[in-house]
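Student: Have a look at the structure that comes next, please.
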Ligand code: CDP
Ligand code: CDP
């Protein structure tokens, strides 16, 4: 059966990566978490003190972009690829609320976007890829055979993300997580370069009331149909 490209976009914490990982495993496709790449650049900017609560030195970040090398390496113990920045596994650093508080500002920078979009297109050029993010169906793979756009209520999404952070040992407040989710949604949807918007040909799925299993089975039905159409 010919391989297709599956683009999954949507708001923060809608369950994109959860379903994308499971689909990739099920289909034997590669999974690419494009958000992890923006988080990796943000981590680089934080550790070089280009961004903090007081300032964002965009020029310094842009002039260092060539020094940022991002890789994904499969970890068989966890069952998915982890993100490396310049050879260092940074998976445990990049999902914190602190990184989340800066990442949308970094993702507004056009030079950052063009560099990462270029790498994402290379990662997906052979098809057989499930990639999730904000602009995958609109900018990275406008010709993807299947585009999904996930939504859920902000409160639902913040609760899911809050539970996840608490489980990982992060001491966070639900209200701060909700605020971050809403702030990122706003910045991501209003930026000039590649704003988060549903591609015209994307299928929208509201999973506010779906469990992870339900969401997977609904989406698998759509994927199987797309595979048949593109066989
Ligand atoms: O997991 P969550 O949905 O909260 O975020 P993520 O997918 O890790 O993405 C983190 C941030 O990176 C988003 O809020 C966007 O600002 C940015 N991003 C983007 O601009 N374009 C993408 N294709 C993926 C992420
Ligand atoms: O990638 P994205 O930010 O869109 O979301 P995610 O990381 O896949 O999911 C965010 C959190 O919501 C994770 O802890 C998932 O386990 C959880 N989730 C859920 O409880 N029910 C769903 N239907 C989807 C995700």
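Rule-based calculations on the coordinates, nothing more; no lab input. No experiment lies behind these values; they were computed from the predicted model shown. Ideal geometry is used to build each Cβ from the backbone, glycine not excepted, and the neighbour counts take in all protein chains shown.
Student: Does residue 101 satisfy being surrounded by fewer than 16 Cβ atoms within 10 Å (Cβ to Cβ), in contact (Cβ under 8 Å) with a residue 40 or more places away in the chain, within 13 Å of ligand 1 (Cβ to nearest atom) and over 18 Å from residue 198 (Cα atoms)?
Tutor: no
Student: Go through the stretch 1-46 residue by residue and tally those that are more than 10 Å from ligand 2 (Cβ to nearest atom) and farther than 21 Å from residue 105 by Cβ.
Tutor: Residues meeting the conditions: 17.
Student: From 115, 119, which residue is assigned to a helix (DSSP H, G or I) and either touching a residue at least 60 places away in the same chain (Cβ under 8 Å) or within 25 Å of residue 23 (Cα to Cα) (or both)?
Tutor: 119
Student: A follow-up question, please. State all residues of the stretch 121-137 that are within 26 Å of residue 190 (Cα to Cα) and either over 14 Å from the mean Cα position of the chain (by Cα) or surrounded by fewer than 22 Cβ atoms within 10 Å (Cβ to Cβ) (or both); if no residue qualifies, say none.
Tutor: Correct list: 121 only.
Student: Sticking with this one: Take the stretch 16-27 and flag every residue that is in contact with a strand residue (DSSP E or B) (Cβ under 6 Å, 6 or more places away or on another chain) and either within 9 Å of ligand 1 (Cβ to nearest atom) or over 19 Å from residue 140 (Cβ atoms) (or both).
Tutor: 16, 17
Student: Just for helices (runs of 4 or more DSSP H) wholly inside the stretch 123-231: which have at least 1 residues that are more than 14 Å from ligand 2 (Cβ to nearest atom) and over 20 Å from residue 34 (Cα atoms)?
Tutor: 174-190, 212-229
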